[in-house]
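Notes follow the structure.
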Amino acid sequence: MNYVIYPENFEHKLGFDKIRELVAAQCLSSLGREQVEAIRFSADATVVAEELEQTGEFVRILQGERAFPANYFIDVRPTLSRIRPEGTFADELELFDLKRSLQTIVDITRFFRPVDKSDDAQPEYPVLAAMAGRVPVFPQLVRDIDAILDRYGRTKDSASAELARIRRDMSAVSGSISRNLQTILRSAQAEGWVDRDTAPTMRDGRLVIPVAPAFKRRIRGIVHDESATGKTVYIEPEAVVEANNRIRELEAEERREIVRILTAFTDVLRPLVPDIIQSYEFLAVIDFIRAKARFAESIGAIVTLPQNEPLIDWQEAVHPLLLLAHRKAGKTVVPLDLSLDRDRRLLIISGPNAGGKSVCLKTVGLLQYMLQCGIPIPLHEHSRTGIFERIFIDIGDEQSIENDLSTYSSHLTNMKYFV
């Protein structure tokens, strides 16, 4: 449906840019923040009502006893885009993020199913449940990743027989290195070449013994490093050099096998990417709706579904930004009662300077705009709301030296556009 908003800096003049920031701050991920950036005014009463109902249901979720699954809202779309070419693969961290966020999507869709398992059971949140029911989920993919990665996101030994063999060999060689080093270290301690509390350490991926420079020739081996003060040198004893080399070889084998496992899994994942992207679009919308609901709670907003006509019948309307600012200062906001419809189309407000006239105008413009962007607004529950196809504002001094317009001329220019 066509609509007209005037002027171009409408959102800034009314403070809706601040509303965007506050809603974005409630998002759990970049997925939701992108949705906040994409907020658009709508003059379609059906669209507005649906968005308000979604948010209203989520407000009830926030106030309910069941915890909503909101742990891993992770944007993996860059990974899914990167692995589209054949031969590429998702690394362990990327796969771990994919698994956790896919599990979150599965958990969310389960959350919206009826708690009562009977055939005629109705969902507690029907609008959101209808959304969730259309989302592709991948529990088998989650299980497949679980078979590869442990709970810390590291490739399991059981991911392949070859990887299990490599890690057994690594463990055996590491054990022999440790035993040999301990033998050499005890001997060096007995000779007084190293302190009693000295222990083997790691330098450049190789186990070494810290020794004072005066005794470095007493232990046959390779000097790998020395401390910044020069008071300690790190020696790899000759007896463990070959074993350390073997460890390096096994580490390279391990990495190659992990890459092979990840590449093979990515080949299975790749054809599913378009459907998986749909799941993350759902996660983005849920993050956005949740953020709107949390913001609505913070300003005491209610969900009032608009009638498909130009109508303002508001009781106890308050400016949300003023409300938040006054709350911080421990002050209260004086609410507004306003009524405008097809028969009563004009409202003239007069009064002294600093009497609240501009605040009243901005409150009306901002709340109506928020409403038609699908964001609940702070009103009394007996209020009625409507839909407007055109919103024009002329608030404040738009005098421009460059354009040689007086304040009065600026107002006339706006009025000409309105007419």
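Output the residue which, of all residues in region 98-148 that are among the β-branched types (Val, Ile, Thr), within 24 Å of residue 63 (Cα to Cα) and free of Cβ contacts under 8 Å to residues at least 60 places away in the same chain, is surrounded by the fewest Cβ atoms within 10 Å (Cβ to Cβ).
115
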Task: Among the candidates 203, 186, 196, 168, residue that is surrounded by 15 or more Cβ atoms within 10 Å (Cβ to Cβ), without any contact (Cβ under 8 Å) to a residue 40 or more places away in the chain and not polar (S, T, N, Q) - done: 203
TODO: Considering each of 306, 320, 335 in turn, give the residue that is touching a helix residue (DSSP H, G or I) at 6+ places or on another chain (Cβ under 6 Å), surrounded by 16 or more Cβ atoms within 10 Å (Cβ to Cβ) and assigned by the TED database to the domain that holds residue 390.
DONE: 306
Task: Among (1) charged (D, E, K, R); (2) over 27 Å from residue 388 (Cβ atoms); (3) open to solvent by 20 Å² or more (accessible area, probe 1.4 Å), the one test that residue 297 misses - done: (2)
TODO: Return yes or no: is residue 42 of a type in the set (Ser, Thr, Tyr), within 19 Å of the chain's Cα centre (by Cα) and surrounded by fewer than 20 Cβ atoms within 10 Å (Cβ to Cβ)?
DONE: no
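Here is a yes/no grid of residues against (1) without any contact (Cβ under 8 Å) to a residue 24 or more places away in the chain; (2) open to solvent by 20 Å² or more (accessible area, probe 1.4 Å):
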position	(1), (2)
5	no, yes
8	yes, yes
13	no, yes
17	yes, yes
20	yes, yes
37	yes, yes
52	no, no
55	no, no
60	no, yes
TODO: Being over 25 Å from residue 26 (Cα atoms), without any contact (Cβ under 8 Å) to a residue 40 or more places away in the chain and not in a loop (DSSP other than H, G, I, E, B) is the filter here, so list the residues in region 65-97 that pass it.
DONE: 81, 82
- [ ] Could you give me the residue pairs with C-beta distances under 7 Å whose first residue belongs to region 361-390 and is part of a loop (DSSP other than H, G, I, E, B), whose second residue is buried (at least 21 other Cβ atoms within 10 Å of the Cβ) and among the acidic types (Asp, Glu) wherever it lies, and which are 6+ apart or on separate chains?
- [x] 374/51
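The values are calculated or read from the model by the stated rules, or taken from the named source; none is laboratory data. Here the structure is a predicted model, which means the values were calculated and not measured. Virtual Cβ from ideal backbone geometry, glycine too; neighbours counted across all protein chains shown. Just so you know, the surface numbers come from the protein's heavy atoms only, side chains and all, with ligands and any DNA or RNA stripped out. Shrake-Rupley method; radii C 1.70, N 1.55, O 1.52, S 1.80 Å.
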